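Asks: Below you will find the structure I want to go over with you.
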Amino acid sequence: MARMKTNVTLKLDAALLRELRVLAAEDNKSVTGLLTEQLESIIRERKGYNRAYRAWLEHMRNLPAFDYQTPMTRDEMHER
């Protein structure tokens, strides 16, 4: 099944657009192809990070609770 594509209009600085066109040409890609590839990469990275973060958070929630107590004073430690 083919994905539906939607046009997007961007306002870019002229110098940035020139550099973007050069980068795309160096990779034998269109500006659209280059930007699509980069955006997909960013989204994959972000999803992977979020998935790992959720797994870590779940792991931390399942650890046994530590019973933190205020440290004893010197006098309390040496009480006999």
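Asks: With just the Cα atoms of the chain, tell me how far they stretch along each of the three principal axes, in Å, largest first.
Replies: Dimensions of the chain along the principal axes of its Cα atoms: 81, 37, 22 Å.
Asks: Rounded to the nearest whole Å³, what is the per residue volume of the convex hull around the Cα atoms of segment 6-45?
Replies: Hull volume normalised by residue count: 82 Å³.
Asks: Measure nothing but the geometry: give the 0 to 90° angle between the long axis through the Cα atoms of 14-26 and the longest principal axis through the Cα atoms of the chain, rounded to 10°.
Replies: The answer is roughly 80 degrees.
Asks: Multiplying the sequence separation of residue 15 and residue 28 by 0.36 nm and subtracting their Cα-Cα distance, what value in nm do you get?
Replies: 2.7 nm
Readers should treat all values here as calculations from the given coordinates under stated rules, not as data from a laboratory. Because the structure is predicted, anything quoted here is derived from the model rather than measured.
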